[in-house]
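Derivation of every value follows stated rules applied to the coordinates shown; laboratory data play no part. None of these values were measured; they are calculated from a predicted model. When we count neighbours, we look across all protein chains shown, and the Cβ atoms used for this are built from the backbone with ideal geometry, even at glycine.
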Amino acid sequence: MKSIIIIIIALFNLPALAAIEMKSVPSQGSVQFEAIGKPSMMKIKGQAAGPSGILTLADSKVQGEMNFALETLDTGIDLRNEHMKEKYLEVKKYPQAKLIIKDLSLPSSWNPQNAKLQDHPFKGLLHLHGVEKEVEGTLSISEKLKTEARFEIKISDFKIDIPSYLGIKVADVVKVQVLINEFITREE
């Protein structure tokens, strides 16, 4: 009987093992990209509402996926949007980009109530244009789980033709920034 009481007390004193589910609010975030032209005097920037998805935090590890509708990207120029979506991204055939996080380790001291984290490295699998490739970047988290992820992709790795117009080409490397200003959380 004494050993049962000790086990019960020990279980109640363990750190919380419950997982926390975090659902992104797309309207409270954005996905942005920047492509530099060759020569470098041309910069193409685009953005759209944030991704949708659910991440699960358990035992200082995060996993889940974020989905992004490519049709919502906007560069500010209608004709460029049309070319980007129809000719290069082929959004009718590949409407979504997906970032899969399988095992992101957070510092053991991190918790949602003290959510500060600066330039923490992460790896994920990016599914874009029918191709899945590993990406690496940095992740910052501030109060209220406001999250910013930055990474670069090589568009040729995803079998996307390099855009060019009148002798100006876009560089193969594109910078991507994902902002999630709000998560809806619940404990599982």
Exercise. Hey, how many Å between the Cα centroid of segment 48-86 and the Cα centroid of segment 105-181?
Worked result: 10
Problem set entry | Antiparallel DSSP beta bridges within the chain, as percent of all bridges there, nearest 5 | 100
For this session: At a Cα cut-off below 30 Å, give the lysines reachable from K146, other chains included and same-chain residues fewer than 8 away excluded.
Result: K23, K43, K45, K61, K85, K98, K102, K116, K123, K133, K154, K175
Problem set entry | Most mobile of P95, P107, P26 in a GNM of the chain (Cα contacts under 10 Å) | P107
For this session: Rank by packing, highest mean first: peptides 43-52, 128-137, with packing defined as the count of other Cβ atoms within 10 Å averaged across residues.
Result: 43-52, 128-137
Seminar exercise, completed: On each of the three principal axes the extent of the alpha-carbon atoms of segment 17-187, given in whole Å and largest first, is 57, 28, 26
Seminar exercise, completed: Simple SL model, points at 7 angstrom along Cα→Cβ for I168 and S156; separation in nm is 2.1
Problem set entry | Structure-based [θ]222 nm, the chain - -39500 (n - 2.57) summed over DSSP H runs of at least 4, per residue, nearest 500 | -2500 deg cm²/dmol
Exercise. How high is the FRET efficiency from E132 to A19, r the C-beta distance, R0 30 Å, rounded to 0.05?
Worked result: 0.75
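For L125 and E34 in the same chain, what is the full-extension length gain: residue separation times 0.36 nm, less their Cα-Cα distance, in nm? Before the final figure, lay out the partial values.
Numbers: separation 91, 0.36 × 91 = 32.76 nm, distance 2.01 nm.
Roughly 30.7 nm would be gained on extension.
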